[in-house]
Amino acid sequence: MKLLHFIRDGASRLGIRVAEGAVLDVAEARGALAGDADSAVPASVGEAIEGGPEALAALRALAERAGSAITLREEELVFAPCVPKPGKIVCVGLNYRKHAEETNAPIPQSPILFSKYGNALAAHREDIPLPSAVSDQVDYEAELAIVIGRRAKDVSREEALNYVFGYCNANDLSARDLQLRTSQWLLGKTCDKFAPIGPWLVTADEVGDPNALAISCSVNGEIRQSSNTADMIFHCDEIVSYLSRHMTLEPGDLILTGTPEGVVLGYPADRQVYLQSGDIVTVEIEKLGRLTNKMV
């Protein structure tokens, strides 16, 4: 199932992508198809995650009953972040072998972790303000994001993916001059709207193996990154297990799993052209759709 949030009548509403280009407004469908079972239908992605299999079953049943009669056109929607309020945004750095090699960094022996905050969240098709007053080296990073589905503490690698609700596209935008100013990367990673996600949150059952997905990034239609999540140094199950040994993961937590080769930072110095106002950046991951943002 593909879930999303969009803005309608001034409020963020839960949607289900029921067909190519067609989205069901869950609140509208509940109103039109009132019934006893609809009391179990979640009103947000957060409620869907917290509600577990029963909540997803209720959403599926509602979508089946609604059919295509009351859907909205996806191209006309104003998207909101597909996970509106993650408790944590944990990121893994240098997690693709070829990306580590292109930046002349040693292959990590343990996951390199940093965080982003809620101010960094942005949605599909949302404009991203470049922090021009403090940085002129903003870079793109196509990433697979994991969304935790239930509380995870000290889980084994074998069980780790059972704690995942789903996956989405992410762009770990990075101001390289700020990131590399000190040994701590945080400043360059969590500028406003530096973590666009979406367009949808795709449930784990539709994705299958998260480490067998094509991943790419284009700038103004030019492919800059083209790889596969199989190139991760630490695979998704290992990341979830590792994090859960050091912190309790809660439903709705977001984990960005690293980026493949092809970022501007990996280019020779004389070919490094960082993002400019007007640039259109698109992250695409197999089964997860396309996340597109304009730099302004």
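Data table
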quantity: Inter-site label distance for Ala212 and Asn162 at 7 Å from Cα along Cβ, in nm; calculated: 2.1
quantity: Over segment 115-179: Rg over Rh, Cα atoms, Kirkwood Rh; calculated: 1.09
quantity: Residue order, fewest to most surrounding Cβ atoms within 10 angstrom, among Leu121, Leu77, Leu291, Leu187; calculated: Leu187, Leu77, Leu121, Leu291
quantity: Vicinal HN-Hα couplings computed from phi for segment 281-296 (Karplus, 6.51 cos²θ - 1.76 cosθ + 1.60; Hz; Gly/Pro x); calculated: 10, 10, 9, 10, 10, 3, 6, 10, x, 10, 9, 10, 9, 9, 7, 9
quantity: 12 Å beta-carbon shell around Lys2, net charge (K/R +1, D/E -1); calculated: -1
quantity: Linear extension gain, Asp9 paired with Arg245, 0.36 nm per residue minus alpha-carbon span; calculated: 80.7 nm
quantity: Likely footprinting exposure, Asp231, Asp192, fewest C-beta neighbours within 10 Å first; calculated: Asp192, Asp231
quantity: Within a Gaussian network of the chain (alpha carbon springs, distance under 10 Å), most fluctuating of Leu213, Leu254, Leu180; calculated: Leu180
quantity: Cα extents of the chain along the three principal axes, largest first (Å); calculated: 62, 44, 29
quantity: Alpha-carbon Debye profile of segment 185-289, log10 I(q)/I(0) at 0.10 Å⁻¹; calculated: -0.35
quantity: Loop trypsin sites (Lys or Arg not before Pro), segment 224-296 (other Cβ atoms within 10 Å of the site Cβ: 15 or fewer; DSSP); calculated: Lys287
quantity: Chain lengthening between Arg151 and Arg73 when straightened (0.36 nm per residue, less Cα-Cα); calculated: 24.6 nm
quantity: Relative contact order of segment 83-294, defined on C-alpha pairs under 8 angstrom at six or more residues apart (%); calculated: 34
quantity: Ala40 versus Glu28: modelled label distance in nm, points set 7 Å from Cα along the beta carbon direction; calculated: 2.6
quantity: Ellipsoid semi-axes in whole angstrom, largest first, where each is sqrt(5λ) of the Cα gyration tensor of segment 215-268; calculated: 28, 12, 10
quantity: Sorted by Cβ density within 10 Å, fewest first, the residues Ile7, Ile255; calculated: Ile7, Ile255
quantity: The chain: calculated mean residue ellipticity at 222 nm from DSSP helix runs of at least 4, using -39500 (n - 2.57); calculated: -5500 deg cm²/dmol
quantity: Residue among Gly149, Gly87, Gly221 with the largest mean-square fluctuation in a Gaussian network model of the chain, springs linking Cα atoms under 10 Å; calculated: Gly221
quantity: Nearest 10 degrees, 0 to 90: helix 236-246 Cα axis against the chain principal axis; calculated: 90
quantity: Convex hull (Cα only) mean projected area of segment 2-79, reported in nm² to one decimal; calculated: 4.7
quantity: FRET efficiency for Glu64 and Thr182, using Cβ-Cβ distance with R0 set to 35 Å, rounded to 0.05; calculated: 0.10
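Quick note: the coordinates plus some simple rules give every number you see, no bench work behind them. All values derive from a computational prediction rather than experimental measurement. Here Cβ is always computed from backbone atoms with ideal geometry, including for glycine, and neighbour counts include all displayed protein chains.
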